[in-house]
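The values are calculated or read from the model by the stated rules, or taken from the named source; none is laboratory data. Values in this document were obtained by computation on a predicted structure and should not be read as measured data. As a convention, Cβ positions derive from the backbone with ideal geometry for all residues, glycine included, and neighbour counts pool all protein chains shown. The accessibility values were calculated without ligands, DNA or RNA, using every heavy atom of the protein model including side chains. Shrake-Rupley method; radii C 1.70, N 1.55, O 1.52, S 1.80 Å.
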Amino acid sequence: IRTADGRIDLRFRPITRHAEQVNAVMVATRFSQVVGEFSGRVITADDEPIAIAACPGFVEDHYAKW
């Protein structure tokens with residue numbers, strides 16, 4: 001995960017995944033969540049670099065129709 005200005009530069013190592021899909025005519029959802037660890041660097045608004053190592057987190061893709 002990177003920003004164009006380089007202030008965020010993170011790598012994600014996936015560990016496990018949870019997914020669901022529901023299609024109930026008027027309501028639909030498709031959801032995928034991957035849990036893992038982030039490593040890399042974030043630069044603050046004060047230009048201070050922060051090293052990130054094995055920080056737990058998740059990424060997801062979610063579509064919903066209500």
Point to revise | Net charge, E60 excluded, C-beta distance under 12 Å - Lys, Arg +1, Asp, Glu -1 | key: 0
Review point. With every protein chain present, what is the per residue accessible area of the chain (1.4 Å probe, Å²)?
Key: 79
Exercise for review: Just order 9-18, 32-41, 48-57 by mean Cβ neighbour count inside 10 Å, highest at the front, would you?
Suggested key: 32-41, 9-18, 48-57
Revision key, fill the gap. re the chain: pairs of Cα atoms spaced beyond 15 Å account for a percent value of 62
Review point. Which percent of the accessible area of the chain is formed by carbon and sulfur heavy atoms (probe 1.4 angstrom)?
Key: 57
Exercise for review: Only residues of the stretch 34-66 count here: report those whose backbone N is under 14 Å from the spot 7 Å along Cα→Cβ of I1, or say none.
Suggested key: 34-43, 52-62
Point to revise | J(HN,Hα) series, the stretch 14-24, from Karplus relation 6.51 cos²θ - 1.76 cosθ + 1.60, nearest Hz, glycine and proline x | key: x, 10, 8, 9, 10, 9, 9, 8, 10, 9, 10
